[in-house]
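K.L.:
The structure that follows is given in the form of structure tokens.
The values are calculated or read from the model by the stated rules, or taken from the named source; none is laboratory data. A quick note: this is a predicted structure, and the numbers were derived from the prediction, not measured. Every residue, glycine as well, gets a Cβ built from its backbone with ideal geometry; the counts of neighbours run over all protein chains shown. We work out accessible area using only protein heavy atoms, side chains counted, and drop any ligands, DNA or RNA first. Shrake-Rupley method; radii C 1.70, N 1.55, O 1.52, S 1.80 Å.
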Amino acid sequence: MAALAVSVFAVPLWADEVRPDTSGWFENPAKLDQRGGEDIYRAVCAACHMPDGKGAQGAGMYPALAGNHNLEFADYPTHVVLNGLRAMPALGGQLDDAQIAEVVNYIRTSFGNSYVEDPATSDLVAASR
């Protein structure tokens, strides 16, 4: 009986230790509150495109962002984040213009990508809406 009591109370304590800090995530269910491209990517994109940006296949096909030539120009990933594409949901209603520009610039300059010319801007996102 004592072992059962210890296991019942120990698991929740252990579970809290291994969970990432998600304070502030999804405080408003209609909007995503993360700021900064990396934080937005980790909270929204990494589950499908993987933390290393290499994509995944299984129940669906989630393209790699690493080495993806479609990211060369900011217009394409901006359009995809705003409007979605195939299995990717449209995030234009949950992310503001600055957040979309931040995450687009993050994926264009991370995972071995070095597309630094002509970064996405809030104005580009607003014009794409």
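K.L.:
Which order do the peptides 59-67, 37-45, 106-114 come out in when sorted by mean C-beta neighbours inside 10 angstrom, highest first? Each step should come with its number before you reach the end.
P.N.:
Working: 59-67: 14.8, 37-45: 19.6, 106-114: 18.0.
Put in order of decreasing packing, that is 37-45, 106-114, 59-67.
K.L.:
Using a 1.4 Å probe on the protein chains only, how many percent of the accessible area of the stretch 33-107 belongs to carbon and sulfur?
P.N.:
55
K.L.:
Can you give me the orientation-averaged projected area of the convex hull built on the Cα atoms of the stretch 90-129, in nm²?
P.N.:
2.9
K.L.:
Excluding ligands, DNA and RNA, what is the solvent-accessible area per residue of the stretch 58-129 at a probe of 1.4 Å, expressed in Å²?
P.N.:
Accessible area per residue, the stretch 58-129: 54 Å².
K.L.:
What length, rounded to one decimal in nm, is gained on full extension from LYS31 through to ALA59, with 0.36 nm per residue of separation minus their alpha-carbon distance? Walk me through the numbers before you get to the answer.
P.N.:
Details: separation 28, 0.36 × 28 = 10.08 nm, distance 2.67 nm.
Answer, rounded to one decimal: 7.4 nm.
K.L.:
Label ASP118 and ASP96 with points 7 Å out from Cα along Cα→Cβ: what is the distance between them in nm?
P.N.:
2.7
K.L.:
Just the number, please: Stokes-Einstein D of the stretch 42-129 in µm²/s, Kirkwood Rh from C-alpha pairs, 10 °C, 1.306 mPa s.
P.N.:
Taking Rh from Cα pairs, D becomes 123 µm²/s.
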